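These notes concern the structure reproduced below.
Throughout, read-outs are computed from the coordinates displayed, never taken from laboratory work. Worth saying up front: this structure is predicted, and the values here are computed from it rather than measured. Ideal geometry is used to build each Cβ from the backbone, glycine not excepted, and the neighbour counts take in all protein chains shown.
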Amino acid sequence: MTLGDSGVGKSCLIKRYCEGRFIPKYIPTIGIDYGVKLVTVNPVKLEEERAKGPKGAAEGSNSSAAWTARAPTAVRVNFWDVAGGAESLEIRNEFYAPTQGILLIYNVGDLKSFESLDRWVEEMNRFISIPLDSGGAERRTSVEGMMATGNTPAGREVGAVSDQSPVVFLCGNKADGGTQRAVTEEQGRRWAAAHGGMEFFETSASSDLNVATMMERLFHRVIARFMSPK
């Protein structure tokens, strides 16, 4: 799921990654758009992400080799590109529950979009919190009902853990030098560190800077977090 103010390049990042193309003309998303891509799972990267996790897949597993061997060789990633305007809140809030990964995006040339990040975090916290005494039951129902991969072997494996919050990465987009910077890379890193130590990337959909690297790290971390440790 992509989040951020209108015009930060959410749709362009998805188009670049899923379709390998860049659309220079700004076309605002109305409601929600959708993207899908089959992604190969790298067992080495997956084990690296598993080792980073404070809890979840790394806890209670029999062995690293056995856990990695159970991992799917490929997953179909479904992207929900939601409009950033306040008028789309009722649409957005329906997609928080089943989401396993979030890209929180701002435009490095737009200070306002960076200052809006706290508001986006507040909205996330309002809709993705999972009561500890629910056992994740509500989230599991939502995930199985809305994930296109939910009924495939890979989808069931990756959706096996339902009591985890989504993986959130911070993305400073349009970092190709095409516009004057309003937010430094260091400011982005500090903000990410101050908000739970989010992974941080600067990207450019137009030049393809860091797009695949960011996406693939996010996917491997999602698999590591949501795959059953058993």
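Values computed for the structure shown
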item: Extension gain, Ala86 back to Ser6 (0.36 nm per residue minus Cα-Cα distance, nm); result: 27.8 nm
item: Simple label model, 7 Å out from Cα along Cβ direction - Arg126 to Glu94, nm; result: 1.8 nm
item: Calculated FRET value between Tyr34 and Ala182, using beta carbons and R₀ = 35 Å, to 0.05; result: 0.70
item: Simple label model, 7 Å out from Cα along Cβ direction - Lys45 to Ser206, nm; result: 2.6 nm
item: Stretchable slack from Leu111 to Ala193, in nm (0.36 nm times residue separation minus alpha-carbon distance); result: 27.7 nm
item: Distance between modelled label sites at Arg70 and Ile23, nm, 7 Å Cα→Cβ extension; result: 4.0 nm
item: Per-residue ³J(HN,Hα) for region 185-199, Karplus 6.51 cos²θ - 1.76 cosθ + 1.60, θ = phi - 60°, Hz, x for Gly and Pro; result: 4, 5, 4, x, 5, 5, 5, 4, 5, 6, 10, x, x, 4, 5
item: Local net charge near Arg217, Cβ-Cβ under 10 Å (Lys/Arg +1, Asp/Glu -1); result: -2
